[in-house]
Amino acid sequence: MIFEIVDDPATLEHVLRLRIKEGHSARLVAAYGRPWKTKKARDPHALQPDERDFDIHFKRDGVMHRWSKIWNSGGGEDYTLFVQAPPGSRMHDDPLCEVGCPYVVRGFDYGYLGVLWLKDLIYRDGRWTFDLSHIHESGLIQSKAAAKKEKDGNGPASRELLRRLQQIYRILLSRALRGVYVWFEDEETRSHVSSLLPR
């Protein structure tokens, strides 16, 4: 079982494409750290990079790069399309053309997963916490509102929201059969997780 941290989202996609060429299944996934702004777009794949759900700028070897993707598309509230990728769908032609949310991997196993660890669940001052401005899951609206009322972030609502976020990441990190590659949007969180790995 591989667990590997990569430097940028383009590298994340690249290593997954190598695994697909070897005959394995692979998928890009993320928690709810980005709003689903393309949800009602007629053809989200045709949108410009800055109109997509993921539009990430990063530097590699001193040169700025851009990586953009959309969330799951075409299924509305029916997540079976995101999972099954029937012939004729974009996902059938390219399983890495979209980023899947946790719903697409619950109960489904892939050979490899590429996880975009965003800024919703972060590590600060020796403990796990969250950034409310980066939580966009509709199912967490009430939990988020209750946690927002707690000033110190240590009340019962905050602890429950943290537990739910950790559960989401547990799902994302446990659905690969052969390996997980992770890109961290937050450097401090990356450093903490990296420090836990065997040298």
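The values are calculated or read from the model by the stated rules, or taken from the named source; none is laboratory data. Predicted model only: the values in this text are computed from it and were never measured. Virtual Cβ from ideal backbone geometry, glycine too; neighbours counted across all protein chains shown.
Taken together, the residues in segment 151-195 that are of a type in the set (S, T, N, Q), under 16 Å from the mean Cα position of the chain (by Cα) and outside any helix (DSSP H, G or I) amount to 1. The residue list L18, L12 contains one member that is at pLDDT 95 or above, more than 14 Å from the chain's Cα centre (by Cα) and over 24 Å from R164 (Cβ atoms), which is L18.
Each residue in segment 8-46 was checked for being acidic (D, E), assigned to a helix (DSSP H, G or I) and farther than 25 Å from D186 by Cβ, and 0 pass. Residues that are surrounded by fewer than 17 Cβ atoms within 10 Å (Cβ to Cβ), at pLDDT below 95, among the basic types (K, R) and assigned to a loop (DSSP other than H, G, I, E, B): does segment 54-61 have at least one? No. Look at segment 130-150: where a residue is farther than 19 Å from Y169 by Cα, no partner that is among the hydroxyl-bearing types (S, T, Y) and surrounded by fewer than 18 Cβ atoms within 10 Å (Cβ to Cβ) sits 6+ places away or on another chain with Cβ atoms under 9 Å.
Condition check ((1) crowded, with 21+ Cβ neighbours inside 10 Å; (2) in contact with a strand residue (DSSP E or B) (Cβ under 9 Å, 6 or more places away or on another chain); (3) modelled with pLDDT under 90) across all residues:
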site	(1), (2), (3)
E98	yes, yes, no
Y112	yes, yes, no
V115	yes, yes, no
G153	no, yes, yes
E160	no, no, no
L165	yes, yes, no
E187	no, no, no
V193	no, yes, no
P198	no, no, yes
